[in-house]
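The next block holds one structure in the form of structure tokens; read it before the comments.
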Amino acid sequence: MNEIINNGSDWLPVVFIGLMGLAVLAYAVLDGYDLGVGILLPMGEQDEPERDTMIASIGPFWDANETWLVLAVGILLIAFPSAHSLILMHLYIPVALMLVGLIMRGVAFDFRAKAAVDHKLTWDRTFKIGSLITTLTQGYMLGQYVMGFDYSVSSLLFCLLSALGVTAAYSYIGATWLVLKTEGELQTRVIRWARRAGRAALLGVISVSIINPLVNPGVFDRWFNYPLVMFVLLIPAICFLGFIFNDILLKRLPKDNDRHSALPFFITTIIFTLCFSGIGFSFYPYIVPGELTIWEAASARNSLQFILVGALIVIPLILLYTAFSYHVFRGKATQLDYH
Amino acid sequence: MLDTLLLSRIQFAANISFHILFPTITIALCWILVFFKLRFDFTSDPVWMRAYRFWVKVFALTFALGVVSGITMSFQFGTNWPGYMETVGNIAGPLLGYEVLTAFFLEATFLGIMLFGIKRVPSKVHTFSALMVAIGTTLSAFWILALNSWMQTPTGHEMRDGVAHAVSWMEIIFNPSFPYRLTHMLLASGLTAAFFVCGISAYRILKGDPKLAPRLALKTGLIVAAILAPIQAFVGDAHGLNTFKYQPQKIAAMEGVWETEDGAPLLLFAIPNEETRSNDFAIGIPKLASLILTHKPDGKILGLNEFPNDHPPVAPMFFGFRIMVGMGVLMLITAWTGCYFLYRKKTLPTAYLKWLVVMTFAGWVATLAGWYVTEIGRQPWLVTGILRTADAVTPIAPKNVALSLALYLTTYAVLMWAYIHTLKRMALKAVTVEEFETAEPRAHGNLPNVPKAKVDTSGGVA
């Protein structure tokens, strides 16, 4: 597949792993908040107006958010086809489960607004369960990826931890998104959820960051390599501070005139970015940890060049109209004005 | 126990068949919505807005099903067909990539504004958003059909060490069967959406909806279908001639021609028998197949026996093709009859409206039958002459594939039930509830030949 085998000087695979990283990060943040909102849905009968508002806050965005997953998998498929096959074959069953989860929540979103009133609660449950299946399987897959696709008991325990951690992280960013998009009593509620989810996510991040270098010697050497260690340890340090600061800030919300209600979401985004760079830093240039580097897995130059031209023209446009869409739907989520 | 190859093929067929149903509606339905919205912008007649408001909800639901069933597809290549990307990834990858970049984001982002932004942006921006979604869905069809057509009739590449490398992207995209397949599919989408709109509108009218909007939508659908159906017959014929030139074994299977013949008959009915390599109970019109395919009554048609072990299974091709053509003819007759009623009698009889309800999903039947013919017709190749289906399949254990297949089939069965059930709910709700609170619609004067609304009868037939 690759014309230049093991040639670390070729820059195209580096560009594509960068693009893929961006797509995965955009997915984790953007679909992250709408998955989080799904997980947080309160299921009490009296909570229906809250559910409506919460779902209204993600209504115009979820579809485009999910497209980042298609782009990320697409880039993996286009630029690193052998890694795509290898990873997805290892993760066959969790991928199938995740897709069913994504299907459940995607359709529940539309059905809940249009189905008979007595079915609405069922679809809301489907939405919540679908979101949970999606985040749990994604966390499990992240765990398997870090563990190098190992099925021993200890590694499965780690995957379980990772599944819970990722679910907590998605709830965290979902709750902070809601802090930004809601007001009144619901806002007070989501602030409480955000603090709880933040603490759970912090626990998850800490345990994953401790276990990962311990089980992967390569990762340990990468991080604890003097003098680089002084610099790279800034990543977990800032991440930790972010969690603490956010917790203190959330405790003081809501403030008068809704000041600083957008801040928790942005801090969470920074935390996501840092965690993600940490994972990227641990494994680069391997695309399948310990097995396959980005140069070994890359497609033919000609194909990469062809798609790169398009990507460089189209991605700025995508960012532009995405920004436009967020601008149009700025402000607090109101009742879903369907059409 | 079935083997991984067969299970993977069933799974892929199930996924893609379920998926294609929804884009087939949304590609053209979005253009119909743009038309409704533009008519509203130009005439300010609220009835167009009412038609738009009902159909945009149906569109949103259908689109969501298309999106979620489509995400499954992007994972399938890696999970079940690793040999596919390993052999032709250099070609397939960029084409899929361009689909995501130019189509998926465009439609997904502007869909948000189209659905929820009507009060937040100026009307022109809203119309523009609908237009962007329509362009997005059509671009999506463009790229995926370019790839599919390349798999049928590959050009513009060279093989190095068993791996396809691109030589000319223009030749790859505009490969010999692409223009025909794209046009054929876009027209199929137009017909499917038109009958879908007609069927649901007729259902509303039959249930006593006195409003003008469903009648307007029904009229729009009928006219679109009446125009597209004959064009489709013409394009389908051209597509057939193209296939005859590049994939003769596919045509031989479609027509049930075993031995090479000069002046082959057009078989109206037969049961192809793979054992005896001949047809049982064949009834045909002499020389007509040769006349259609070669434009000469004694033209030569290559038989399946010219392609030993290298032709598709005959029976599904033979019947699939006849189902597609049969549905096409039925749609043509239905649409023209409807237009005749509208222009001559200014009204549609109840029996005809009931027939339209029966025909709501006629486009699905024809489209699926057509896709089965073209995809089964590619077998035993995954990419004609380059990669056999059996060589591309995953080494995963059959029980894993069986499990995922069972998961998908269950999900699809539930979703299909929910989709049809919800469509029915929405149509029934629209009978009594006004979609949009505005002033009374104007007199029908400026909307000629709309089936007449009878407010006073519960039968409500036009």
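Remark: C-alpha extents of the protein assembly as shown on the principal axes read 85, 70, 46 Å, sorted largest to smallest. Defining a contact as two alpha carbons under 8 Å apart and six or more residues distant in sequence, what relative contact order in percent does chain B show? So the answer I get is 21 percent. Using R0 = 30 Å, the C-beta based FRET efficiency linking B:ALA406 and A:VAL153 works out to 0.65.
Relative to the longest principal axis of the Cα atoms of chain B, the long axis of helix B:178-206 lies at roughly 40 degrees. Look at the alpha carbon pairs under 8 Å that are at least 6 residues apart: their mean separation over the length of segment A:176-299 gives a relative contact order of 30 percent. Give the calculated FRET efficiency between B:ILE231 and B:ASP3 to the nearest 0.05, with a Förster radius of 35 Å applied to their Cβ-Cβ distance. Calculated value: 0.20.
Between the alpha-carbon centres of segment B:52-99 and segment B:347-415 there is a gap of 14 Å.
For the protein assembly as shown, the residue among B:MET185, B:ILE227, A:ASN216 whose Cα projects farthest onto the positive side of the dipole built from Cβ charges is B:ILE227. The angle separating the long axis of helix B:362-376 from the principal Cα axis of greatest extent in chain B is about 20 degrees. Interface between chains A and B: roughly 6300 Å² of accessible area buried, both sides summed (probe 1.4 Å, protein heavy atoms only).
Using just the C-alpha positions of chain B as equal point scatterers, what log10 of I(q)/I(0) does the Debye formula give at each q in 0.06, 0.08 1/Å? Each listed q maps to, in turn, -0.29, -0.52. Given R0 = 45 Å, the distance between the Cβ atoms of B:THR43 and A:PHE281 translates into a calculated FRET efficiency of 0.15.
Cross-link pairs exceeding 24 Å in C-alpha to C-alpha distance, out of A:LYS120/A:LYS251; A:LYS255/A:LYS332; A:LYS128/B:LYS429; A:LYS128/B:LYS37; A:LYS251/B:LYS119; A:LYS251/A:LYS332, comprise A:LYS120/A:LYS251; A:LYS128/B:LYS429; A:LYS128/B:LYS37; A:LYS251/B:LYS119.
State whether segment A:197-279 is rounded, prolate or oblate according to the following rule on the C-alpha gyration tensor (a ≥ b ≥ c being the square roots of its eigenvalues): a/c under 1.5 gives rounded; otherwise a/b larger than b/c gives prolate, and the remaining case gives oblate. In terms of gyration-tensor shape, prolate. Placing a label point 7 Å from the Cα of A:GLU185 along the Cα-to-Cβ direction, the residues of segment A:33-55 whose backbone N falls under 19 Å of that point are A:41-55. The length gained by stretching the chain between B:PHE361 and B:LYS424 to full extension, at 0.36 nm per residue less their Cα-Cα distance, is 21.4 nm. Considering only protein heavy atoms and a 1.4 Å probe, what is the carbon-and-sulfur percentage of the accessible area of the protein assembly as shown? Reported share for carbon and sulfur atoms: 68 percent. Between B:SER123 and B:MET159, the simple label model (points 7 Å from Cα in the Cβ direction) yields a spacing of 6.0 nm. For chain A, the relative contact order works out to 26 percent when only alpha carbon pairs closer than 8 Å and six or more residues apart are counted.
Residues within the reach of a label modelled at B:ASP391 (point 7 angstrom out along Cα to beta-carbon, backbone nitrogen below 13 Å), restricted to segment B:140-164, are B:159-164. When restricted to Cα atoms, segment A:78-215 yields an Rg and a Dmax of 17.5, 53 Å, respectively. Shown for chain A are the DSSP H helices of 30 Å or more along their axis, judged by Cα atoms, with a mean Kyte-Doolittle hydropathy of at least 1.6: A:12-40, A:263-283. The three principal axes of the C-alpha atoms in segment A:9-90 carry coordinate ranges of 60, 25, 15 Å, sorted with the longest axis first. Taking chymotrypsin sites (Phe, Trp or Tyr not before Pro) across segment A:165-248, the ones in a DSSP loop with at most 15 further Cβ atoms lying within 10 angstrom of their Cβ are A:PHE224.
Any idea what the alpha-carbon Rg over 2.2 N^0.38 Å comes to for segment B:296-400? That works out to 1.61 for segment B:296-400. The residues of the protein assembly as shown expose, per residue, 39 Å² of accessible area to a 1.4 Å probe. Placing a label point 7 Å from the Cα of B:ALA14 along the Cα-to-Cβ direction, the residues of segment B:80-124 whose backbone N falls under 19 Å from that point are B:80-82.
The values are calculated or read from the model by the stated rules, or taken from the named source; none is laboratory data. It should be emphasised that the depicted structure is a prediction, and the values quoted were computed from it without experimental measurement. Quick reminder, even Gly has a Cβ in these numbers, built from the backbone with ideal geometry, and neighbours come from all protein chains shown. Accessible surface is based on the protein model in full, side chains and every heavy atom, while ligands, DNA and RNA are left aside. Shrake-Rupley method; radii C 1.70, N 1.55, O 1.52, S 1.80 Å.
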